[in-house]
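Each remark here refers to the structure printed beneath this line.
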Amino acid sequence: MIKKFKVHKEGKTPLTRIFAVLLLINLINFIFLTDTCFTTIFFFTSVLVFGLTLNFYRSPDRTYKGDLHGLVNAPTDGRIVTIEKVLENEFLHDERIKISIFMSLFNAHANWVPVTGKVIHQSHVDGNFHAAFLPKSSTENEHSNILIETPEYGTILTKQIAGAMARRIITYIKEGQDVHIGSPLGFIKLGSRMDIYLPLDSEVMVEIGEEVRANVTFLARLNKLT
């Protein structure tokens with residue numbers, strides 16, 4: 001269910017600072033540079049910049065009812081850039097289907113839990129800041145690893161990955177915590193991506209290039225362990 005617009009808690013301080021700076025500069029322009037093209041252009045540019053920043057820090061108020069076992073939630077708003085079979089050797093040590101979601105500056109950057117289960121591992125890895133849409137960003141960029149063990153469908157690996165401009169990954173959930181699909185997972189500041197590693201027998205429900213919405217779009221349906 002989609003509810004009213006609200007600002008993410010990570011955005012309240014930076015938005016206040018940006019608003020104060022833009023307001024001060026515009027007041028100075030209107031006082032000392034009255035009736036100039038520069039003042040008008042700067043004012044409308046300020047409105048645009050603040051609007052984009054506000055959109056970046058919005059927190060879509062969407063929730064799922066029930067545990068929805070067997071379904072994989074899109075953990076962020078963005079565009080599907082990768083659906084491929086990969087060998088995941090760091091944690092899962094087997095082949096997986098990797099689905100990657102790229103977040104542009106126009107997407108909200110709040111992150112959400114993809115499946116209901118228990119967090120069995122969470123770690124932060126420092127790294128580079130390649131463009132987030134590049135495949136090598138999955139392993140070489142700064143990222144956070146989150147392993148969630150589901151009740152009947154195996155273990156899902158989720159990665160928060162910093163992009164070329166992102167310099168801070170925030171992860172709220174911790175190892176040993178029980179989590180619910182669609183609950184807050186974290187936040188990535190500026191352009192970035194999230195990767196989800198699913199069992200090979202998962203039924204993928206999205207396509208490359210598709211725009212997805214967190215807590216609205218299901219990425220896949222999982223099969224029960226035999």
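Read-outs: derived from the displayed coordinates by stated rules, not from any lab. Computed from a predicted structure; not experimentally measured. Backbone-built Cβ (ideal geometry, glycine too); neighbour counts: all protein chains shown.
Numerical summary
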{"quantity": "For segment 167-186 and segment 5-63, distance of Cα centres in Å", "calculated": "29 Å"}
{"quantity": "Peptides ranked, highest mean first, by Cβ atoms within 10 Å: ranges 86-98, 103-115, 33-45", "calculated": "103-115, 86-98, 33-45"}
{"quantity": "Selected from Gly182, Gly70, Gly51 as most flexible by GNM, with the chain as the system and alpha-carbon contacts under 10 Å", "calculated": "Gly51"}
{"quantity": "Global form of segment 157-226, assessed from the alpha-carbon gyration tensor, a/c cut-off 1.5", "calculated": "oblate"}
{"quantity": "Fraction of the pair-distance distribution of the chain above 23 Å, Cα-Cα pairs, percent", "calculated": "49 percent"}
{"quantity": "Sequence-separation-based contact order of segment 157-226, relative, with Cα cut under 8 Å and 6+ spacing, percent", "calculated": "33 percent"}
{"quantity": "Helix 12-32 axis, angle to the chain major axis (alpha carbon atoms, nearest 10°)", "calculated": "20 degrees"}
{"quantity": "Segment 8-65: trypsin sites (Lys or Arg not before Pro) in DSSP coil with no more than 14 other Cβ atoms inside 10 Å", "calculated": "Lys65"}
